[in-house]
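Taking it in order: structure first as structure tokens, then the write-up.
The values are calculated or read from the model by the stated rules, or taken from the named source; none is laboratory data. Computed from a predicted model, the values in this text were never measured in an experiment. Note that we place each Cβ from the backbone using ideal geometry, even for glycine, and neighbour counts take in every protein chain shown. SASA here: full protein model, heavy atoms, side chains in, ligands and nucleic acids out. Shrake-Rupley method; radii C 1.70, N 1.55, O 1.52, S 1.80 Å.
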Amino acid sequence: MLDALYANGPVMTQLTDYGYGGFLVLKKEKNEPLKDALTLWEMEGRCESYEDPERKEHVEFWDVDDIETLTSYQGKIRAIRAVVTKPNEDPSTWCFAIIGQRARQLGRRTALQIIRSRWHIENTAFHQWIRYWNLGHVFRHGQNALLAILLLWTLAFNLLQLFIYRRLGRCRRPKDPTDTIRHIVEVMLRELATLPEPIPWGALLLDSS
């Protein structure tokens, strides 16, 4: 699953070359494949409507397949729009593309469930990094984003292991090391969450003095 930043031909081509399917959020109405999908959805109309009693939602689908208007991608694209309405709430619209022969065969409801599950990652990772850990946008989408995050987590892991194995300042009871792990995680989370301002990671990492 990829967000709208990656809904382009080169990314789709790379996924196909690796033998993968893909679910990609579509947002830019003036760009393909969403531009063509909007026209086709209007021509063909709504194809399914159903009530979801578990979620208390009314869902409507528009679904077109075999889109080939994206010149930078040689494969076929399936595009789905789902409009979800809940009581006393404004409707929410989900537009997404599906590539890959097997992925394109999935049912609409399953496809919607997959694309919506991406927001679990968004809310439990990226959102928390910004809100609770003072990480900026550059560390998620910049050129060195993955490397920076990996180095930070590696540093945190090494510090955690150092504390656990040397058990600095703590008695050796209880013998169960998970007690120590839980404690240090709680301390780190509490302290980092109360930082008064974002940490200037860029300046710190690039300072060679």
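Here are a few things to note about the model shown:
- Applying the criterion of being among the basic types (K, R) and within 25 Å of Y18 (Cβ to Cβ) to the residues of segment 36-92, the residue that is least open to solvent (accessible area, probe 1.4 Å) is R78.
- Total residues in segment 98-124, condition closer than 22 Å to S49 by Cβ and β-branched (V, I, T): 4
- Some residue of segment 20-29 being open to solvent by less than 70 Å² (accessible area, probe 1.4 Å), closer than 18 Å to L112 by Cα and part of a loop (DSSP other than H, G, I, E, B): yes
- Segment 66-110: number of residues that are touching a residue at least 60 places away in the same chain (Cβ under 8 Å), closer than 15 Å to C47 by Cα and either over 23 Å from the mean Cα position of the chain (by Cα) or not in a strand (DSSP E or B) (or both): 1
- Given (1) in contact with an Asp or Glu (Cβ under 7 Å, 6 or more places away or on another chain); (2) assigned to a strand (DSSP E or B), index of the condition E51 fails: (1)
- Residue list for segment 1-23, filter: among the charged types (D, E, K, R) and either in contact (Cβ under 8 Å) with a residue 24 or more places away in the chain or under 13 Å from I77 (Cα atoms) (or both): D3
- Every pair of residues 6+ apart whose Cβ atoms lie under 9 Å, when the first sits in segment 24-42 and is free of Cβ contacts under 8 Å to residues at least 24 places away in the same chain while the second is open to solvent by less than 10 Å² (accessible area, probe 1.4 Å): L38/A79
- Taking the criterion of being under 18 Å from T69 (Cα atoms), open to solvent by 40 Å² or more (accessible area, probe 1.4 Å) and assigned to a helix (DSSP H, G or I), the residues of segment 1-10 that qualify are Y6, P10.
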